[in-house]
Amino acid sequence: MKIIIIGAGISGCAAYLTLRKHLPPPPPSSSPTQDHEYTIYEAYPTTIDTTSDDRPNDEHSTHSATLTIGGGLGVAPNGLRVLERLDEDILRDAVSGGYMVDHSNLKDKHGRVLMRLPSSSTTSSSSRDSDGTTTTPMHLLGTSRHNIWRCLRKRIPDNIIINKRVASVTAHPTHRNTVTFVDGSEPVHADLVIGADGLKSVSKHALFDGDPYPPHYEGLIGIGGFLPTSTLPPTIRPPEPGSMNFCFSGTGFFGYFYATSSPTTSPDRCSAYHISPPGDTLAWWTTYSTPTSSSSTPPNTQDLDMDDVTAQLQDRFSSWTDPLVRHIIRSVQVQTMWPTWTSPPLPTWEREGVVLVGDAAHALPSTSGQGASQALEDVEALGRLVAHEVGIVYQEQQMLGVSGGVEGEKRAIQMACKRYVEMRMPRVRGILDRARGMQNSKRDMGVVGEWVMYWVMWVMGFFPGLLGRQQQEVFDYDLPGDVERVLDGR
């Protein structure tokens, strides 16, 4: 079977590793090589140490490393468990390159904590202590997107990834799907095409005639980066260990967290179940309304004077008294900015063996805290379902003693993709619906609106279970069990 993955970001790399783990080999009569053929096409170079700064920031950039504000992100326990099931070494590598977080602080612009929420899973899959008497929950990982991507990418042979921009994908109901390229080179054909090519997905056009579901500009822009904590003046208290901090006001949103653990002082630095002493790297990001927030067109970041953007940023947050935020704002020199895009809900994510994962299927707002985690869930669910359906076909072929053909694999892939959409779409839409309300808290508002927002957060802080219950439902998700439910028809 021939498999093409479009996009070598987090979801594309994870899709390759997941299929390699779960997909059964073809019967001897079907393939003398006893293996499937995999190819990943990526528009930009993807050497191990390539970062988003090495790639152009233009309208065609679809690599996942270019789609996150400042390069920092959080991977929730449900996403970390996907990495753990894929390969425990991947999880350890990812954790050692980031910092575990067990709670989130929601603050006002003066640094006062209005609400505190746990950021840990409560499921029984937690780590059991050495004496066997208690369990330790898995926490949330704060890290850089490049760290997660690198942990996956370094496990993929270089010859699997081809640096080539895809022009189009065509889905065929009875034979292999077709992929063409911008450089005019020979088209290629595949039984399964996985579109992991981000928000402005080319693969998506294979599902719908024209472009009826274009990305939507939210009227928000983001700026972010990393800062050595050693540069903080002694008068400024560093963030609380084990915390991720979200600060709100009528002029925008600001967040920060430790992005690394101390490399020398913690024996549990590779454990997703422990909070280690923090390292020297602080990740920060801010999101706020743009002057063109009423328009569907974002500012052209290529034409902006970043010195002016820096001055505007400092002016926008001039009323904030949180010492750490003030220090970051005063010391930062903006290099680039990211418009906030989301994708409208799609009626389907698959067509005749062309299937979308991650941002190509559902670009969640950053307020969901689930962008990377849902992309990882997508590829595990798809991989398990494809492996199941294809495995049935291979067993039948072996029992009958017949050689395989494209038709049997095609039917199996189509069934798996339909079940994937049936399983994943309700969960992702539920997360999206909850995130949309929080997205509005990042927009400009007057003094009255700001204080109403603070009051609501303060009151909710007395009832953390109300929000925590929804969060735990997301964190404690049993993906393998959900796959079994779908396969059993429940």
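Of a type in the set (Lys, Arg) and crowded, with 19+ Cβ neighbours inside 10 Å - does that describe any residue in the range 308-321?
For the range 308-321, residues of a type in the set (Lys, Arg) and crowded, with 19+ Cβ neighbours inside 10 Å: absent.
For the range 205-243, enumerate the residues that are closer than 26 Å to Gly446 by Cα and either of a type in the set (Phe, Trp, Tyr) or crowded, with 18+ Cβ neighbours inside 10 Å (or both).
Of everything in the range 205-243, those that are closer than 26 Å to Gly446 by Cα and either of a type in the set (Phe, Trp, Tyr) or crowded, with 18+ Cβ neighbours inside 10 Å (or both) turn out to be Tyr217, Glu218, Gly219, Leu220, Ile221, Gly222, Ile223, Gly224.
Quick one: is Ile392 in a helix (DSSP H, G or I), out of contact with any Leu (no Cβ under 8 Å at 6 or more places or on another chain) and more than 30 Å from Ile223 (Cβ to Cβ)?
The answer is yes for Ile392.
Tell me yes or no: at least one residue of the range 411-419 is surrounded by fewer than 18 Cβ atoms within 10 Å (Cβ to Cβ) and in a loop (DSSP other than H, G, I, E, B).
The answer is no, given that none of the residues of the range 411-419 is surrounded by fewer than 18 Cβ atoms within 10 Å (Cβ to Cβ) and in a loop (DSSP other than H, G, I, E, B).
Is it the case that Pro263 is modelled with pLDDT under 85 and crowded, with 19+ Cβ neighbours inside 10 Å?
no
Does the range 434-456 hold any residues that are within 29 Å of Asp359 (Cβ to Cβ) and modelled with pLDDT of 85 or more, and which are they?
Met453
Taking Leu86, is it closer than 30 Å to Thr178 by Cα, aliphatic (A, V, I, L, M) and either in contact with a strand residue (DSSP E or B) (Cβ under 7 Å, 6 or more places away or on another chain) or modelled with pLDDT under 90 (or both)?
Numbers: closer than 30 Å to Thr178 by Cα: yes; aliphatic (A, V, I, L, M): yes; either in contact with a strand residue (DSSP E or B) (Cβ under 7 Å, 6 or more places away or on another chain) or modelled with pLDDT under 90 (or both): no.
For Leu86, the condition - closer than 30 Å to Thr178 by Cα, aliphatic (A, V, I, L, M) and either in contact with a strand residue (DSSP E or B) (Cβ under 7 Å, 6 or more places away or on another chain) or modelled with pLDDT under 90 (or both) - is not met.
Test Asp359 against the criterion of being among the acidic types (Asp, Glu), surrounded by fewer than 22 Cβ atoms within 10 Å (Cβ to Cβ) and part of a helix (DSSP H, G or I), and give yes or no.
Values: among the acidic types (Asp, Glu): yes; surrounded by fewer than 22 Cβ atoms within 10 Å (Cβ to Cβ): no; part of a helix (DSSP H, G or I): yes.
When the stated conditions are applied, Asp359 does not pass them.
Taking interchain pairs and intrachain pairs at least six residues apart, which have beta carbon atoms under 9 angstrom, with the first residue in the range 446-464 and over 20 Å from Arg116 (Cβ atoms) and the second modelled with pLDDT under 85?
Matching pairs, first to second residue: Val452/Met445.
Name every residue in the range 182-197 that is among the hydrophobic types (A, V, I, L, M, F, W, C) and without any contact (Cβ under 8 Å) to a residue 24 or more places away in the chain, in order of residue number. Break it down stepwise before answering.
The first filter runs over the range 182-197 and keeps only residues among the hydrophobic types (A, V, I, L, M, F, W, C), leaving 182, 188, 190, 192-194, 196.
Answer for the range 182-197, where residues must be among the hydrophobic types (A, V, I, L, M, F, W, C) and without any contact (Cβ under 8 Å) to a residue 24 or more places away in the chain: just Val182.
Take the residues in the range 398-409 that are closer than 23 Å to Tyr420 by Cβ and surrounded by 13 or more Cβ atoms within 10 Å (Cβ to Cβ); name whichever of them is modelled with the highest pLDDT.
Glu409
Within the range 340-360, track down each residue that is under 18 Å from Ala381 (Cβ atoms) and touching a strand residue (DSSP E or B) at 6+ places or on another chain (Cβ under 8 Å).
Leu346, Trp349, Glu350, Gly353, Val354, Val355, Leu356, Val357, Ala360
Can you confirm whether Val379 is closer than 14 Å to Leu23 by Cβ, at pLDDT below 95, hydrophobic (A, V, I, L, M, F, W, C) and surrounded by 21 or more Cβ atoms within 10 Å (Cβ to Cβ)? Give the derivation first.
Numbers: closer than 14 Å to Leu23 by Cβ: yes; at pLDDT below 95: no; hydrophobic (A, V, I, L, M, F, W, C): yes; surrounded by 21 or more Cβ atoms within 10 Å (Cβ to Cβ): yes.
Taking the combined requirement at face value, the residue does not satisfy it.
Scan the range 200-216 and tell me whether some residue there is of a type in the set (Asp, Glu) and either modelled with pLDDT of 90 or more or over 30 Å from Gln302 (Cα atoms) (or both).
Yes, the conditions are met somewhere in the range 200-216.
Can you find even one residue in the range 384-394 that is in contact with a Gly (Cβ under 8 Å, 6 or more places away or on another chain) and without any contact (Cβ under 8 Å) to a residue 24 or more places away in the chain?
Within the range 384-394, one or more residues are in contact with a Gly (Cβ under 8 Å, 6 or more places away or on another chain) and without any contact (Cβ under 8 Å) to a residue 24 or more places away in the chain.
How about the range 174-279: which strands (runs of 3 or more DSSP E) wholly inside it have at least 3 residues that are under 26 Å from the mean Cα position of the chain (by Cα)?
192-195, 216-228, 243-249, 252-258
Step by step: first the residues of the range 323-339, then only those that are touching a strand residue (DSSP E or B) at 6+ places or on another chain (Cβ under 6 Å) and assigned to a loop (DSSP other than H, G, I, E, B), then the one that is surrounded by the most Cβ atoms within 10 Å (Cβ to Cβ). Which residue is that?
Met337
Check Gln335 against each of (1) modelled with pLDDT under 95; (2) on the phi > 0 side of the Ramachandran plot and name the one condition it does not meet.
Gln335 satisfies every listed condition except (2).
The values are calculated or read from the model by the stated rules, or taken from the named source; none is laboratory data. Computed from a predicted structure; not experimentally measured. We place every Cβ from the backbone using ideal geometry, glycine too, and count neighbours over all the protein chains shown.
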